[in-house]
1. Hey, can you tell me all the residues within the stretch 55-78 that are more than 9 Å from ligand 1 (Cβ to nearest atom), of a type outside the set (Gly, Ala, Ser) and without any contact (Cβ under 8 Å) to a residue 24 or more places away in the chain?
2. Restricting to the stretch 176-234, name every residue that is polar (S, T, N, Q) and open to solvent by 40 Å² or more (accessible area, probe 1.4 Å).
3. Quick check on my filter: what residues within the stretch 130-182 are within 15 Å of ligand 2 (Cβ to nearest atom), more than 30 Å from residue 245 (Cα to Cα) and touching a strand residue (DSSP E or B) at 6+ places or on another chain (Cβ under 6 Å)?
4. Which residues, taken from the stretch 84-100, are within 11 Å of residue 69 (Cα to Cα) and assigned to a strand (DSSP E or B)?
5. What's the number of the only condition in (1) at pLDDT 80 or above; (2) outside the structural domain of residue 262 (by TED's automatic domain parsing); (3) not aliphatic (A, V, I, L, M) that residue 372 fails to meet?
6. For residues in the stretch 98-116 being of a type outside the set (A, V, I, L, M) and open to solvent by 90 Å² or more (accessible area, probe 1.4 Å), which is modelled with the highest pLDDT?
7. Which residue pairs have Cβ atoms under 8 Å apart, sit 6 or more places apart or on different chains, and have a first residue in the stretch 325-340 that is in the same structural domain as residue 308 (by TED's automatic domain parsing) and within 16 Å of ligand 2 (Cβ to nearest atom) and a second that is open to solvent by less than 50 Å² (accessible area, probe 1.4 Å) and part of a loop (DSSP other than H, G, I, E, B)?
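The values are calculated or read from the model by the stated rules, or taken from the named source; none is laboratory data. Everything numeric here is computed off the predicted structure, so don't read it as measured data. Virtual Cβ from ideal backbone geometry, glycine too; neighbours counted across all protein chains shown. The accessibility values were calculated without ligands, DNA or RNA, using every heavy atom of the protein model including side chains. Shrake-Rupley method; radii C 1.70, N 1.55, O 1.52, S 1.80 Å.
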Amino acid sequence: MLSAAANERLTRVGPGTPCGELMRRYWIPVAPAAQLDENPVRKIRVLGEDLVLYRNTSGGLGLIGDRCLHRLVELRHGIPDERGLRCPYHGWLYGETGACLERPMESAKGEFKFQLKAYPVREMGGLIFAWMGPLPAPALPQWDLYVWPDCVRQIAINVIDCNWLQCQENTGDPTHSVWAHGHLFKYVLERQGNYAERAASLDHTLHGRTKWGNGIKELFAHPTPHGFEKGIVFSKELGAEADLTRRHSTVIFPFMTQTGKAGGPRSEYQIRVPMDDTHTYHICYQVYAAPPGVEAPKQEGVPWYEPPERDEKGELILDYVLAQDALVWKSQGPITDRSKEILGRTDLPILLLRRQLEEQITRVGQGLEPMNFFASDPGMLHGSGEPPSRTRSLLQTYRTLYHKGFASDDADRYGPAIELVKILHRRIEEADIAARAAGQAGTNETVA
Ligand code: FES
Ligand SMILES: [Fe+2]
């Protein structure tokens, strides 16, 4: 449990708040680049600020305040120009620095004294990132899934109506899978009347997840250079199938989690971007890599999609993993009142997550650089701190077998690239079977 004051400190993200200042030390993904192909001007909300993201007709990106300085018209209705964005009302032109470059009908020459708020933006891996912190902007870190070669990619976007920390705390919660993605999944499929059809195979995700509830001895959580690792220790004596330790997804400070590893047949960043105190811009950055010897189908750009929350009757859709997570995050309330919670032994990693967040907020308050701030380019970064191994054999999990129908259990099923992913997964399995027949180890990673 947290005091009301501590809860405020960890959750509020507006300008000048302690956590908001921490967040302004990171490049923040704000939109899929493909959205600007559909419409080159978009209103966005990030860290409590209303902004307009645009691509000018020369291909340059800009992120500026959302209202024209003249008479406050919304610039989301603006007209892209060679040098920037023009207000639709009287044509004032704003460049990428936010400077007003032209005031048609007012003065023939450029006047730079009128200045809108503006932030630097960069593009990487099909996402647009904004720097909202002190200038000059540091290097944009190349986390491996954004830049890994020979992949199919797609980007799922959802606006979740709750504070970002509820979504991120899910990352520090290895045991929620037992219920939210195990027993709840089963209940949902039973109510739909298709449990036998969807979950007959023991490869189905819910069976594995439900089993994780048996024989838990303890949880563990340790800080790592980029965040922390955590997981569950199982005991045969307490009812588990064997004595073993299972690591859960990788936490990358401050707002990312990673399932699977770069180079694997299915890996993902879940990115919890605070739009404001009570809304989260949730990005599932999904990557399906071809191992050596297998060719990934080619893509023109990285497509995006919005996994639906409700069906045509207005009922919640709960038969896929992300929807189950989103349900529980939102159900905790706009900003959950952590002064009322009752934590147990399974919440141990959440305590570390909160401590780490508090420590890094304090560092920024002291004028120091926080974790995962890189003043210069550190090269390709791996969330776990280690380059991924490519030597593990293929385990037949539902996320490596999308070509056999298992995509239906993830948000991925709605994605525009899913047919390419199925082609890739088929090729990977065929290569793996051939490698096994030849007596070689497989080339694929499994996923969390
Ligand atoms: S209100 Fe924008 S140019 Fe007049
Ligand atoms: Fe989950």
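1. Result: 66, single match.
2. Correct list: 192, 201, 214.
3. 156, 158, 160
4. Matches in the stretch 84-100: 93, 94, 99, 100.
5. (2) is the only condition that residue 372 fails.
6. 115
7. 327/318; 329/162; 330/162; 332/162
For (1) part of a strand (DSSP E or B); (2) more than 16 Å from ligand 2 (Cβ to nearest atom); (3) in contact with a Leu (Cβ under 9 Å, 6 or more places away or on another chain); (4) open to solvent by 10 Å² or more (accessible area, probe 1.4 Å), each residue gets a yes or a no:
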residue	(1), (2), (3), (4)
34	no, yes, no, yes
37	no, yes, no, yes
42	yes, yes, yes, yes
45	yes, yes, yes, yes
52	yes, yes, yes, no
58	no, yes, no, yes
62	yes, yes, yes, no
69	no, yes, yes, yes
72	no, yes, no, yes
